[in-house]
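Reading through the structure tokens given below for one structure.
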Amino acid sequence: MRYFAHSTDSSDKSTWQLLHTHLTEVERLSGELASAFDAQQWAQIAGRLHDLGKYSIAFQNRLDGSSKPVDHATAGALALVERWSSNRSEKVAALILAYIIAGHHAGLPDYGTSEADGNATLRRRLSNTDHIENYQAAYNEIQIPAVPTSFPLKSGPTSDTHGLQFSFFIRMLFSCLVDADSLNTESFDNPDQHLLRKREEIHHKRNEELFKKLQDRFYLYRTQNFHTPRGNIDRWRTEIFDEVMLRAGDPRGMFSLTLPTGSGKTQVSLGFALEHVVTHQMRRIIYVIPYTSIIEQNAQEFRNILGDKHVLEHHSNFQHQTHESKSEAYETTERQKLAEENWELPIVVTTNVQFFESLFAARRSPARKLHNIAGSVIVLDEAQMMNGGFFRPCLYALEELVRNYGCSVVFCTATQPPISKLLLHSTIQETVQNPQYRYDQFERVNVRFAGILDWESLTDQIEDSGSQALCIVNTRGNARLLYETLAERYDENQLYHLSARMCPKHRKDILKIVKSRLEEGLPCVLVSTQLIEAGVDIDFPTVYRELAGIDSIAQAAGRCNRNGRLMRDGEAILGVVTVFETEKGLPDGWMSLSGSVARKLLVKFEERGQSPLSIEAVHEYFEDLFFYSQHENHDPTDTKGILKMIEENAKEMQFPFKTVAKEFQLIDSQMQTVLIPYVDEEEGREALEKGEDPDAPYYRGHAAQLLDKLKTEVLSTRTIMRALQPYTVQLYPHEFNEYQRNGELNQIREGVFALARPYAWYDLKTGVKPYSQDSAGKELLLI
């Protein structure tokens, strides 16, 4: 009897994929992918046995049209656990691969307890075998391999992160298997699509040659654009670049790039990463960035320097361009779409959420890319944004990538958190010889602390400070209240608002207007939440910042006198950043703690006549922050207890993969998404030219047309949902429920909701209106 892995429309099965062929090819490819971290033998075994259960008659009947469900994934795991059982080493090896094989479709399972319900846990699946179909025919074509003779991890069983390292190894092997399985299946089912990946270009030798070419392009770009320094700023930037490049040949490890705003961090970090990759024959560069606004900015700069086809921009808001079919641009775009699945391009630019949640993922799709992180230079732009409730797990994962997977990590920020104090096995090498000297060179602002101000007093100060000012507050509710107070004194074309109650497309439109008014010297006051702080290239002469951590205040300061253009009587002067508190105080939790520590330091350094943004102040801030936080009832750097969950039963290799993935959510998953049929400025002009009113209920803009398409789409909705990302707003559950209860949301399809009457509930100045006074009050204390 012939056994098959995948079927086609061929009735005589002449074009079906033989199961032995599939297993052999996935075995080879899994090993090839795992060679990046010296685990070929392990991955090959997983590849050979992953579909052992397809040798059952029940599965072959399923290919013939039977509807009976068949668990084909557990068989290979069970075979290993039964065969490798003579000693503890064999049992541990069997369990490692059992997670991978059993989970290669449904995702890595929890090991579970004897009381666990259902068959979802690994323990139950290996012990309750009644549902496993007979797969003994496999042994006519497949042999169970011997236990691997080598183990690639450097740690011993006494390590403090024993569980993290072994669970990480399992995830990496899982990634190799699911990517190899997916690639082989794609090459059989859709060979034309598979060819678009151009996988032959990623082999080691060609990759090495490619990075040398990219490095040449980078230096050509610098020669063409920075040939002659035009003043002190350019000269200092060149000095910093040359200084940091001297460290790029250092051995792989963990590095910090501590530089002030305006010193050219992006190009310095790219130059360092390219040189480091070429020197050590590494595989790719991955930029990890907290906000999509910075990603879009940096990714475009990388494309300008290195070329479109080498840069993958991977985040939820990114929209691929459309091109004429079969053109070179079309093939580049299609390859980039495919590369989102497994990160096979040389330069990847992604978000903190995408990167770190993938490192702790259990599902097949987000985990698929992990093996391609091995051998990479990982650049963390705005590294201080790692701070908070997942800081320690993120840091330990990065350390593990350096220790066992051939990576180097570069922490880029103007306010370095105390990373070195939390590391277990590594030291961090600073690439800048004298960071404080560079901070003094690029000093642009004075910071003053104004204490508690009510809205009227704050409005008075903003009004007195000049015609252009930015005020950043901590909550969406505060942004709305301050905007309403200022609106009594400013014309509507002089006052603007930014918060997450506005959809991304709306925020982008407002930023464009604000930048234009600033450049033209027109009156412009902007009230914003902290979403403007990182990576938004905007320059106000005066900035107000509600009390927050020193790292947040430093980010706000980066929007003040950013380009050093403030002059008085022909002399350069400093901008002013005023830190204030509201009468309501700070939201509970991390913001309250970090703000309290910052308050003390602001007063202290002001009394000394020193900057609270100096290297000394930042170090003292983080030391105090972690001293106070350690006296809390839980570890504020691991609020969900991720590391404890992983380490709890690690010696028995009992890992809660699914539970950890569920808990490791950098963004509050309780927030509910609402789609907004927003009409942008260009659409509004077109409507008026046609004699239509863009605010009228019947007007159908681009977002509304996408919603109509989403209603009628039968099959894949992914492309439409992605196109709708710029038209989304996140609401807290209590407010979402109010809107839904009162019929103000349309359910477009299951789980997808849109604002039913945007003309009534979406303000073109401030975004989604609070549904009730209760919602408005709660939002004052919610970030």
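Structure summary
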item: In the range 409-442, residue surrounded by the most Cβ atoms within 10 Å (Cβ to Cβ) [restricted to those that are within 25 Å of the chain's Cα centre (by Cα) and charged (D, E, K, R)]; result: E430
item: Matching entry among Q60, Q136 (being in contact with a strand residue (DSSP E or B) (Cβ under 8 Å, 6 or more places away or on another chain), farther than 30 Å from E647 by Cα and not hydrophobic (A, V, I, L, M, F, W, C)); result: Q60
item: Criterion (buried (at least 17 other Cβ atoms within 10 Å of the Cβ), in contact with a strand residue (DSSP E or B) (Cβ under 8 Å, 6 or more places away or on another chain) and touching a residue at least 60 places away in the same chain (Cβ under 8 Å)) met by exactly one of V244, V178; result: V244
item: Qualifying residue in the range 49-59 (condition: free of Cβ contacts under 8 Å to residues at least 60 places away in the same chain, open to solvent by 20 Å² or more (accessible area, probe 1.4 Å) and over 17 Å from T24 (Cα atoms)); result: no
item: Any hit, the range 767-774, residues being under 30 Å from L586 (Cβ atoms) and at pLDDT below 80; result: yes
item: Where a residue in the range 485-504 is of a type in the set (S, T, N, Q) and its partner, wherever it lies, is assigned to a loop (DSSP other than H, G, I, E, B), with Cβ under 6 Å and at least six apart; result: Q494/P523; S499/T529
item: Conditions (1) touching a Ser or Thr at 6+ places or on another chain (Cβ under 9 Å); (2) over 28 Å from Y291 (Cα atoms): number failed by A487; result: (1)
item: Selected residue (criterion: least open to solvent (accessible area, probe 1.4 Å)) from residues of the range 577-613 that are part of a helix (DSSP H, G or I) and touching a residue at least 60 places away in the same chain (Cβ under 8 Å); result: L602
item: Conditions (1) farther than 19 Å from N372 by Cβ; (2) touching a Gly at 6+ places or on another chain (Cβ under 9 Å); (3) hydroxyl-bearing (S, T, Y): number failed by S56; result: (2)
item: Exclusive hit being closer than 20 Å to E133 by Cβ, among the aliphatic types (A, V, I, L, M), touching a residue at least 24 places away in the same chain (Cβ under 8 Å) and open to solvent by less than 70 Å² (accessible area, probe 1.4 Å), set L29, L19, L33; result: L19
item: Residue ID - farthest from the chain's Cα centre (by Cα), chosen from residues in the range 25-52 that are within 19 Å of Q143 (Cα to Cα) and either at pLDDT below 95 or not in a helix (DSSP H, G or I) (or both); result: D51
item: Residues of the range 471-498 satisfying the condition of being open to solvent by less than 30 Å² (accessible area, probe 1.4 Å) and either farther than 30 Å from W590 by Cα or not in a helix (DSSP H, G or I) (or both); result: C471, I472, V473, N474, T475, L495, Y496, H497, L498
item: Residue count, the range 499-528 (criterion: crowded, with 22+ Cβ neighbours inside 10 Å and part of a loop (DSSP other than H, G, I, E, B)); result: 4
item: Only one of E82, E90 that is part of a helix (DSSP H, G or I) and surrounded by fewer than 15 Cβ atoms within 10 Å (Cβ to Cβ); result: E82
item: Residue check, Y291 in contact (Cβ under 8 Å) with a residue 24 or more places away in the chain, open to solvent by less than 30 Å² (accessible area, probe 1.4 Å) and on the phi < 0 side of the Ramachandran plot; result: no
item: Residues (surrounded by fewer than 15 Cβ atoms within 10 Å (Cβ to Cβ) and either touching a Phe, Trp or Tyr at 6+ places or on another chain (Cβ under 8 Å) or at pLDDT 95 or above (or both)) located in the range 3-13; result: T8, S10, K13
item: Residues that are open to solvent by 10 Å² or more (accessible area, probe 1.4 Å), part of a loop (DSSP other than H, G, I, E, B) and of a type outside the set (D, E), drawn from the range 537-548; result: P541
item: Test: residue in the range 561-574 that is farther than 30 Å from G389 by Cβ, open to solvent by 10 Å² or more (accessible area, probe 1.4 Å), in contact (Cβ under 8 Å) with a residue 40 or more places away in the chain and in contact with a helix residue (DSSP H, G or I) (Cβ under 7 Å, 6 or more places away or on another chain); result: yes
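The values are calculated or read from the model by the stated rules, or taken from the named source; none is laboratory data. It should be emphasised that the depicted structure is a prediction, and the values quoted were computed from it without experimental measurement. Reconstructed Cβ throughout: ideal geometry from the backbone, glycine too, with neighbour counts over all protein chains shown. Ligands, DNA and RNA are stripped out before the accessible areas are found, and what is left, the full protein with its side chains, is counted by its heavy atoms. Shrake-Rupley method; radii C 1.70, N 1.55, O 1.52, S 1.80 Å.
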